[in-house]
Amino acid sequence: MDPKISEKAWNPELEKEILKQWDEEKIYDFTPQDDNFTIDTPPPYPSGRPWHIGAAAHYSQIDMIARTARMAGKNVYFPIGIDRNGLPVELYTEKKHKIRMRETERGEFLNLCREALDDLEAEMILIMKSLGLSGDFTNYYRTDSEEYRTLTQSTFIDLWKKGKVYLANRPNNYDWVSGTTIADAEIIYEDLSTKLVYMKFKIKDTDKEIIIASTRPELLCACKTIIVNPEDERYTQYIGEKIIVPITNAEVELRTHHSAQQEFGSGAVMVCSYGDQNDVALFRELELEEIVAIGLDGRMTKVAGEYTGLKPKQARTKIIEDLETKGFLEKTEDIVHRTPVSERSKAPIEIIPMEEYYLKQKKAVPKMKDLGQEIEFHPPMHKQILMNWLESINIDWPISRRRYYGTEIPIWYCKKCSEPHVPEPGKYYKPWNEKCPISNCTKCDSTEFVGEERTFDTWMDSSVSPLFISKFNRDDEFFKKVYPASIRPQAKDIVRTWLYYTLLRCEQLTGKKPWSEAWVMGYGLDEKGMKMSKSKGNAIDPLPVIEKLGADTFRFWSASEINHGYDFRCNEQKIETTKKFLSKLWNVSRFLSSFPVIESGKPSATDEWILSELDKLVKECKKGYEAYNFFIPAIAIREFTWNVFAAHYIEMVKARAYGIEFSDEERDGAIFTLHKTLSTILKLLAPITPFITEHLWKELYSKDSIHKEKHAEPENIEEQSNVTKEISEFNSKVWNEKKSQNLSLKDSIKIEIPESLEPFKKDLKSMHNLLD
RNA sequence: GGGCUCAUGGUCCAGAUCGGUUAUGACGUCGCCCUUACACGGCGAAAAUCCGGGGUUCAAAUCCCCGUGGGCCCA
């Protein structure tokens, strides 16, 4: 009886062949029906090489969602997209070609960006395909396509007409390196070392002075008041006094405010426009008149007097020197300061009053909270990230950006009266490069217009992904069938951006929530538990790993190592050792391929025992798959296949399956059970390791793809877990005994079989060559 | 300062809303073994006072409180 499968190990090269078959057989094609399972797949952003290994794990798991749903009998719509709008590619292009965006002709710069994106995108698509993603690659979408940008602009025009957009001049987070406003959500905090400068401020008409500590002495020229804590007794006597600001000699008032911390510096704080968000709040609350000390070029403005034109950091150094020579400097201290920086350029942000477009969101918060409650989160704990974010929203969403590579804001202004004009939706507009489609100004009838040059925040594009994939405004029939989507899989770190903005925008545009479930995955960290980044040098390139070990090994690692929702560590060696399980599965299948597949058989006590354990496994997997938690089935399947099925059951029935000293009926019971168990294992594993299961399935059980099968259903067989324990204990006992007597495993030995294992006596005897 | 989350052999992790025998498994280490699926294997061994303290209970890795330390997020 030669095994039908002859190769001794799973060869990952076979994956390429299988991919081709899937392609030819079109087994993942989607035709909308009345009831569909739509996955709002995250379009990854090609921002540079290499792609993140955590992302590869993430997309593997998203595919497991698709396959799980498919095997549950759902009609799965699994679109694939690439997000191509935004700042990172601009920075990448500037670096790659050693150019500056603002010194390059806009059209030319956009072309360079597009080329860079095409390159990076090709690698991502290659990785996603190699991973076996069962998505729609033939129609994959790009967020910078004409069609997508038309949607972004149309939805903006719609919201504009509904009065949800307004222009306002406000202190804004300004990233002067990128030359653009950024949203609060794009700010991160970094601990940077800086100097805390203790300055002497004279109290007017006295010879007394107070000390004020600040990390931003260059903003002295924008200082409007000094605050102290109302409970700080050191300053009680000076409240209401005029204080002379060093260098500028301006007079400001000393007031009390609870936000001044007594422990920080001297307890007295200078309030300037704008050192930080607290300054913004204070200027608003105390109705102070703002002074713009830093311009859009990131340099000091003329109010800075002799420091005009310097960058804030240069001005700081110089002003510290001047304070010292003029006797205003008490001391300086080196401190580490949590500094708000731009997430993308890493430059410290400045707060500068600027005119930007805003999308109303403050009033929508209660509604968003309700929607958030309606959405089922996997795992449930991550709903809290959204709720915390909603709790902290206190300004509307600034949506305009002073960048090039993004969807253009479709507005033209009348040259004469500046009235803004928004065109009709349904077309992609580039106002910086196109004539205004409106012939006369609606206000003054003038015929000359100026196009808006700014673009949208990229989340304006990303936040309509459920509308794009469902062909909103393009195909009503399709839209009705696939919207709202079923599930939004995404990473934990963009809950407050992508997840939240999608909720907001889709509700504003359709009145409905965009999906009923949200599936949130943790971060991929390095082997020490630190965040991976290119600058730290601890990033792992997923492509060579996948090429070397194969997608299934990588996928099984991802499922068995990542407890859903928690952060996970990536370790190449760990991934490699995962391969052992696939080898085990392969060799179990190779052994079974020696026996004919038979449809039925009369199971013996041993067979019934393993079938009860198998049924337990089916139940366990079902629990995991229903929550889209692949950690549960992966661990359970590995444990069962390796440590129960292969280690004990197969060894017990080997002789019976060969028919040595057993009747045909007994033999067939074993063969039937072996195949039933293996075929069930393959089906249980199919969503996690689609390649090897497909190959073995076709070798052993069917011409048709395993991915057209339905999930195995529990048969509710009574549990026999105690038997498992007794069997494995007995087997260990025999093995140990033989070892201590220096016997080979095939040698005979005399050991009493416990009474409880009486039903398994014949199998155990043949397994261990036990003497009566 | 607030929130979420984690802490179990050298390393990673299970023990999930339901407290209950000797705390699961993998990686690594060591020893033995070619046994007609597999040496990418099998068997065996060593290795954990379950972060600390307190409480509830007949019973706590598990529940509660306090603390310590890490990660992430927000301010």
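The values are calculated or read from the model by the stated rules, or taken from the named source; none is laboratory data. Being a predicted model, the structure only gives us computed values, none of them experimental. No Cβ is skipped: glycine too gets one built from the backbone with ideal geometry, and neighbour counts run over all protein chains shown. Protein only, heavy atoms only, side chains kept; ligands, DNA and RNA dropped before computing areas. Shrake-Rupley method; radii C 1.70, N 1.55, O 1.52, S 1.80 Å.
What is the packing order of peptides A:464-472, A:254-262, taking the mean over residues of other C-beta atoms within 10 Å and listing the highest first? It would help to have the intermediate numbers written out before the result.
Values: A:464-472: 24.2, A:254-262: 15.6.
Packing order, densest peptide first, comes out as A:464-472, A:254-262.
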Exercise. Calculate the all-directions average of the projected area of the stretch A:553-671's alpha-carbon convex hull, and give it in nm².
Key: 8.2
Quiz item: Taking R0 as 41 Å, what's the FRET efficiency between residue A:105 and residue A:306 from their Cβ-Cβ distance, rounded to 0.05?
Solution: 0.65
Self-check item: Per residue solvent-accessible surface (Å²) - the stretch A:410-453, probe of 1.4 Å
Solution: 59
Quiz item: What's the percent breakdown of Cα-Cα distances in the stretch A:627-772 across 5 Å bins, shortest bin first?
Solution: 2, 8, 15, 18, 18, 14, 11, 8, 5, 2, 0
Quiz prompt | Per residue, the convex hull volume that the Cα atoms of chain A enclose (Å³) | solution = 214
Quiz prompt | Filter on A:96/A:415; A:622/A:725; A:363/A:512; A:725/A:750; A:161/A:224; A:129/A:619 - keep pairs with C-alpha separation over 28 Å | solution = A:96/A:415; A:161/A:224; A:129/A:619
Quiz item: Expressed as an acute angle from 0 to 90° and rounded to the nearest 10, what is the orientation of the C-alpha long axis of helix A:87-97 relative to the principal long axis of chain A?
Solution: 90
Quiz item: Rounded to two decimals, what is Rg over Rh for the stretch A:611-675 when you use alpha-carbon atoms and the Kirkwood radius?
Solution: 1.12
Quiz item: How many nm is it between the label spots at residue A:35 and residue A:4, if each spot is 7 Å from the Cα in line with the beta carbon?
Solution: 3.5
Quiz item: Taking Rh as the Kirkwood radius, which is the inverse of the mean 1/r over Cα pairs, what is the Rg/Rh value for the stretch A:182-350?
Solution: 0.95
Exercise. Could you provide, to the nearest whole Å², the per residue accessible area of the stretch A:610-678 with probe 1.4 Å?
Key: 36
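May I ask you to order A:629-642, A:138-151 by the average number of other C-beta atoms within 10 Å around their residues, highest value first?
A:629-642, A:138-151
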Exercise. Please list the non-local residues whose amide H lies under 5 Å from the amide H of residue A:75, H modeled 1.01 Å from N, same-chain partners needing a gap of 5 or more.
Key: A:37
Exercise. Grab the Cα-Cα distance for residue A:602 and residue A:166, subtract it from 0.36 nm times how many residues apart they are, and report the gain in nm with one decimal.
Key: 149.4 nm
Quiz item: Can you pull the Kirkwood radius for the stretch A:410-453, inverse mean 1/r over Cα pairs, to one decimal in Å?
Solution: 10.2
Exercise. Just the number, please: carbon plus sulfur as a percent of the accessible area of chain A, 1.4 Å probe, no ligands or DNA/RNA counted.
Key: 47
Self-check item: By average C-beta atoms within 10 angstrom, highest first, the peptides A:58-64, A:29-35
Solution: A:58-64, A:29-35
Self-check item: Cα point-scatterer Debye curve for the stretch A:58-176, base-10 log of I(q)/I(0) at q = 0.17 Å⁻¹
Solution: -1.05
Quiz item: Given 0.36 nm per residue, what is the gain on full extension from residue A:715 to residue A:758 after removing their alpha carbon distance, in nm?
Solution: 12.9 nm
Quiz item: What angle do you read, to the nearest 10 degrees and between 0 and 90, between the alpha-carbon axis of helix A:631-640 and the longest principal axis of chain A?
Solution: 20
Quiz prompt | On Cα atoms only, tilt of A:721-740 relative to the major axis of chain A in degrees | solution = 70
Exercise. May I ask for the distance between the Cα centers of the stretch A:261-302 and the stretch A:538-561, given as a whole number of Å?
Key: 49
Exercise. Determine, from the Cβ-Cβ distance of residue A:446 and residue A:297 and an R0 of 25 Å, the FRET efficiency 1/(1 + (r/R0)^6), rounded to the nearest 0.05.
Key: 0.20
Practice problem: Starting from the Cα-Cα distance between residue A:324 and residue A:394, subtract it from 0.36 nm times their residue separation and give me the gain in nm to one decimal. | Solution: 21.2 nm
Quiz item: Residues in the stretch A:566-607 near a label at residue A:698, defined as backbone nitrogen under 20 Å from the 7 Å Cα→Cβ point?
Solution: A:582-583, A:585-594, A:597
